[in-house]
Amino acid sequence: MQYMEIPIQTEGSEAYAKLETYILDTPVEKISIKKRPMVVICPGGGYEKLSYREGEPVALHFLDQGYHACVLRYSVAPARFPAALLELGTVMKLLHEHAEDWCVDTERIILAGASAGAHLAASMGVFWKEEWLCQRLGTKKETLKAKGMILSYPVITSEEKTGHLPSFRNLLGDRFDQLKETVSIEKQVNVDTPSTFLWH
């Protein structure tokens, strides 16, 4: 297995933002496996911090199932939207760029997240085709589209009665009132949203 820590720096990133990769060895002789699916894990923490237990332990589980795995240590407050989303988009680009040497099946990239990390994963699930995101990342929209999503007790809605508003305030800062509807995921879902397993 290859373990690497790759800095992920884009517009608005904090210095600590990085990708922790767990790339399984894929023998090229006498085995039917040529490429493996990849799960991209976004830990939770209310866009204020990043949980350890929702990162590496989850990655190790997926390794046991034959997936490659990576954990995005994305930027949180005082970083603001769309910094973390741009970082996740950068990861998607990176996986496509290294698909051959890492033996990644780019048709089977899964986004997984917990709590606020699930909100980040879901944000890519609904915004992947937006021109503004593709332009800022300098990539084609197909590169940003995941095969599916696993959302664990996700932060989804910015509705005051049911949403976890501290996550949205950390994400948006002074632009909370301006952007809270935009990042309320249930209002953005459509036929282009990847298949999703959601649990709570």
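The values are calculated or read from the model by the stated rules, or taken from the named source; none is laboratory data. This is a predicted model, so every value here is computed, not measured. Reconstructed Cβ throughout: ideal geometry from the backbone, glycine too, with neighbour counts over all protein chains shown. Surface accessibility is based on the protein's heavy atoms, side chains included, excluding ligands, DNA and RNA. Shrake-Rupley method; radii C 1.70, N 1.55, O 1.52, S 1.80 Å.
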For Leu151, indicate whether it is of a type outside the set (Gly, Ala, Ser) and under 22 Å from Lys180 (Cβ atoms). yes
Going through region 1-12 in order, the residues found to be β-branched (Val, Ile, Thr) and open to solvent by 30 Å² or more (accessible area, probe 1.4 Å) are Ile6, Thr10
Checking Ala122 against (1) assigned to a helix (DSSP H, G or I); (2) over 25 Å from Arg175 (Cβ atoms), which test does it fail? (2)
Quick check: anything in region 71-86 hydrophobic (A, V, I, L, M, F, W, C) and in contact with a strand residue (DSSP E or B) (Cβ under 7 Å, 6 or more places away or on another chain)? yes
Residues being part of a strand (DSSP E or B) and touching a residue at least 60 places away in the same chain (Cβ under 8 Å): count how many of those fall in region 3-12. 1
Which members of region 66-107 meet the condition of being out of contact with any Phe, Trp or Tyr (no Cβ under 9 Å at 6 or more places or on another chain), among the polar types (S, T, N, Q) and either over 18 Å from Lys35 (Cβ atoms) or at pLDDT below 95 (or both)? Thr90
Is it true that some residue in region 118-134 is touching a residue at least 24 places away in the same chain (Cβ under 8 Å), open to solvent by 60 Å² or more (accessible area, probe 1.4 Å) and small (Gly, Ala, Ser)? no
Hey, can you tell me all the residues within region 167-200 that are touching a residue at least 24 places away in the same chain (Cβ under 8 Å) and of a type in the set (A, V, I, L, M)? Leu171, Leu172, Leu179, Val183, Ile185, Val189, Leu198
